[in-house]
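Participant: This is the structure I want to talk about, given as structure tokens.
The values are calculated or read from the model by the stated rules, or taken from the named source; none is laboratory data. For clarity, every value in this text was computed on a predicted model and none was experimentally measured. Cβ atoms come from the backbone with ideal geometry, glycine included; neighbour counts cover every protein chain shown.
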Amino acid sequence: MSAVLAYERADDLPRDADILWRPHPGPQTEFLSRKEFEVAYGGAKGGGKTDGVLFGATKQIDHPRYHAAIFRRTYAELQEIMDRAAIYFPPLGARWNEQKKRWKFPSGARLSFFYCKDPGDENNHLGKEYQYLGFDQLEQFTEKQYTTLISCARASVPGLRVQVRATFNPGGEGHQFVKRRFYDLGPLTTFIDPTSGLSRVFVPARVWDNPAILKNDPGYVQRLLAISDPALRQAYLEGDMKVFSGQYFSEWRDELHVVEPSEQFRIPAHWGRSGGLDWGFSPHPGVLLIAAYDPHGRPWVYKELVYQEETPLSLADSIAEQLLTEDAERRLLIRADTQMWEKDTRKGLSIAEEVNRRLHSHHHLQVTLVQARKDRINGWARVHQYLDPRRKRPDGEGRGPWLRFFRPNPALPGYGCPYAIQTIPAQIHDALRPGDLKKGRSEGATDHAADALRYELMDQPALTVVPLHEQPARPHHQAVHDRVRERLLEAIREHNTDAATEDDLGGTFDGTLEGLAPDDPELIADLYQ
């Protein structure tokens, strides 16, 4: 009797085969059967993701030149997946090399385990060749680590397929790039990268899709239900990447804080405007956000400029010529990063002075940079206040955040702030400094729009904290909790439930302004609220 692993079709196996492992029907089988170059299997806890990435690495072990590599962020995190391999691989005739952390199969094929803890560790693999790269818990890696490592995916001999496979949960340092690269594609939707021509796809995972857990350990789901952090509970049970444990701005909801401007709505000319600027050159970008204030004092962040490797003079020209294109923007105060006032000993001028001189040379503008107040902790408190969705509306009817962001709309050229919408909700807590968010110091850091927003709001009035007794009688996390309980009962009965519909958070804007007079700015602003 031969020991084998089953994948897509068990009817191709010998009748006397001893099947060591087979995938669960549904997403796990889907993950193993996809043909795209990159396949990410992610979302909720308990969906069988680790087995998927491990056994996906064994599908070509009959080829003598095959080499698979599975990565975790730290060596300690490798232990679980190496222990699983130690159960299943010896019956296949594989031998373990402890020093190299590598299994060698009878054909000569190899499967190696690596960790990639520190920035730059990924460079240790440059020049190496792997036909399979597996990443368990991809959200723990940085985007640079991931993209550098997948450059090692190649085959110099015929007969080998090259594949990249990954698993992920919400959260972690790489949450935002994983969400953008895979989750935002939508389930099972193949995307062809316009630059590389390579394909990738996202396979959603949910605890409800793992019948082994539901049957053998139903208490596991109950333990997930008992998680006190509503964001973490929702993320682990539903695989929701919009919220995650450790999220600094946990108030953020796209459906509440992001609005779709229409052709009928432009920022009225009499609304006040100002901006916040976080300086950047390379490798970190600089970000300028422009906000307009409605008659109630609510900021609407409606334009942004994200730049890199621009001199002070070219930055000033970009602001004047690309960003400030409306008459109402001619008079503008920009609260800027204080490091821009550090003198250049060669020129005798600071960056801010150079930018201001150039801006003032554009005689149609009255735009000036001033030093921002850079108190981080109080500044973040101000941002939290403006994002708080429990705040009463000016008319006293309903609640909603005081701060909104415009999504880009082709009908309104120049409007929209996609970088801010993408990066601000992705910020995470700093484990070493309570109350602060983790400051980005590495390449690819994304805290610059958050800094620009903080500079802007620190010069705006503080908002009172919403008293606990004024919170809604049935908060959102309780609605999520109740819905998940319903889903659990369905899953136990049927083991094949459909995805639940998204919660109705209420007070959202449907993107239309039909029937409204476009010259009534207060009415328009209240509609968005």
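Participant: Take the stretch 316-331 and flag every residue that is under 32 Å from the mean Cα position of the chain (by Cα), within 20 Å of Trp271 (Cα to Cα) and hydrophobic (A, V, I, L, M, F, W, C).
Facilitator: Matches in the stretch 316-331: Ile319, Ala320, Leu323, Leu324.
Participant: Quick check on my filter: what residues within the stretch 115-144 are over 19 Å from Asp51 (Cα atoms), under 16 Å from the mean Cα position of the chain (by Cα) and not aromatic (Phe, Trp, Tyr)?
Facilitator: Thr142, Glu143, Lys144, listed by residue number.
Participant: Tell me, which residue of the stretch 286-344 that is in a loop (DSSP other than H, G, I, E, B) and acidic (Asp, Glu) is surrounded by the most Cβ atoms within 10 Å (Cβ to Cβ)?
Facilitator: Asp337
Participant: Right, next: So which residues in the stretch 112-128 are crowded, with 16+ Cβ neighbours inside 10 Å and either assigned to a loop (DSSP other than H, G, I, E, B) or in contact with a Gly (Cβ under 6 Å, 6 or more places away or on another chain) (or both)?
Facilitator: Passing the criteria: only Cys116.
Participant: Another question, if that's okay. What are the residue pairs meeting all of these: first residue in the stretch 412-425, first residue assigned to a helix (DSSP H, G or I), second residue among the polar types (S, T, N, Q), Cβ atoms under 8 Å, and 6 or more apart or on different chains?
Facilitator: Short answer, once both residue conditions are applied: Gln422/Gln176; Gln422/Thr446; Thr423/Gln176; Thr423/Thr446; Pro425/Gln247.
Participant: To continue, here is another question. Could you tell me whether any residue of the stretch 87-109 is among the hydrophobic types (A, V, I, L, M, F, W, C) and surrounded by fewer than 13 Cβ atoms within 10 Å (Cβ to Cβ)?
Facilitator: yes
Participant: Next up: Anything in the stretch 129-144 that is modelled with pLDDT of 95 or more and farther than 17 Å from Val39 by Cβ? List them, or say none.
Facilitator: Once the filter is applied, which keeps residues that are modelled with pLDDT of 95 or more and farther than 17 Å from Val39 by Cβ, the stretch 129-144 yields only Glu129.
Participant: Let me ask you something else. Scan the stretch 340-350 and give yes if some residue there is on the phi < 0 side of the Ramachandran plot and within 32 Å of the chain's Cα centre (by Cα), otherwise no.
Facilitator: Looking for residues that are on the phi < 0 side of the Ramachandran plot and within 32 Å of the chain's Cα centre (by Cα), one finds at least one in the stretch 340-350, hence yes.
Participant: So the check is Cβ under 7 Å with 6+ separation or different chains; which pairs have a first residue in the stretch 335-347 that's polar (S, T, N, Q) and a second one that's surrounded by 11 or more Cβ atoms within 10 Å (Cβ to Cβ)?
Facilitator: From the stretch 335-347, the pairs are Thr338/Gln371; Thr338/Ala372; Thr338/Lys374; Gln339/Trp279.
Participant: State yes or no: is Gln163 crowded, with 20+ Cβ neighbours inside 10 Å, in contact with an Asp or Glu (Cβ under 9 Å, 6 or more places away or on another chain) and not aliphatic (A, V, I, L, M)?
Facilitator: So Gln163 passes the test.
Participant: From Phe168, Phe141, Phe114, which residue is assigned by TED's automatic domain parsing to the domain that holds Gln28 and touching a helix residue (DSSP H, G or I) at 6+ places or on another chain (Cβ under 7 Å)?
Facilitator: Answer to the selection: Phe168.
Residues checked against (1) farther than 24 Å from Ile424 by Cβ; (2) in contact with a Ser or Thr (Cβ under 9 Å, 6 or more places away or on another chain):
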| residue | (1), (2) |
| --- | --- |
| Lys343 | yes, yes |
| Arg346 | yes, no |
| Ser350 | yes, no |
| Glu354 | yes, yes |
| Val370 | no, no |
| Trp380 | no, no |
| Gln385 | no, yes |
| Glu397 | yes, no |
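Participant: Consider Ala155 against the criteria (1) at pLDDT 90 or above; (2) aliphatic (A, V, I, L, M); (3) surrounded by fewer than 23 Cβ atoms within 10 Å (Cβ to Cβ); (4) assigned to a helix (DSSP H, G or I): it satisfies all of them except one. Which criterion is unmet?
Facilitator: Ala155 satisfies all of (1) at pLDDT 90 or above; (2) aliphatic (A, V, I, L, M); (3) surrounded by fewer than 23 Cβ atoms within 10 Å (Cβ to Cβ); (4) assigned to a helix (DSSP H, G or I) except (4).
Participant: Sticking with this structure for a sec: Looking at the stretch 55-93, which of its residues are part of a helix (DSSP H, G or I), under 18 Å from Phe141 (Cα atoms) and aliphatic (A, V, I, L, M)?
Facilitator: Passing the criteria: Ala76, Leu78, Ile81.
Participant: Looking only at the stretch 200-223, filter to residues that are among the aliphatic types (A, V, I, L, M) and surrounded by fewer than 21 Cβ atoms within 10 Å (Cβ to Cβ); which one of those is modelled with the lowest pLDDT?
Facilitator: Leu214
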